[in-house]
Amino acid sequence: MTSPIEEEGTVKGVKYKTASGQDLKEFAPLRIMPCELYSTFMSAIDEGNIRSMPNRSMLAAAHPTPGALLLGDAFNTRHPLIGGGMTIALSDNVVLRDLLRNLRNLNNAYALCKYLESIYTLRKVSSIIVY
């Protein structure tokens, strides 16, 4: 980020440079920043004292195994700076709960494993989003 885009004292987006040096703008609703941090944040931008952390999707390949099911970060790791691992684990549990809700027999591990393969498709919607 090279500078914020401000309107009437409110940050509406950011200006930044791509890896190739192209100047771009991105307008997006930004999270609310406490007033006590705003001047420090702006000073860090002005001084070029902000570092970025590249982020990329780290999709995992499903390996269905009878008797085991990986959820959350165990299945699809996130960088600690993103801080979405617990959210994804909880979202995965909601998907799992919905899948298990209609089952009456959990005794056959192989049949259950085959049935639960759909969790890897169903979880993609919530696992892509970082909250």
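The values are calculated or read from the model by the stated rules, or taken from the named source; none is laboratory data. Computed from a predicted model, the values in this text were never measured in an experiment. The area values use the complete protein model at the heavy-atom level, side chains included, leaving out ligands, DNA and RNA. Shrake-Rupley method; radii C 1.70, N 1.55, O 1.52, S 1.80 Å.
Please arrange SER43, SER20 by accessible surface area, largest first, computed with a 1.4 Å probe and ligands excluded.
Sorted by accessible area, descending: SER20, SER43.
Evaluating 6.51 cos²θ - 1.76 cosθ + 1.60 at θ = phi - 60° for every residue in the stretch 33-42, the Karplus couplings come out as 10, x, 3, 5, 9, 4, 5, 5, 4, 5 Hz, glycine and proline recorded as x.
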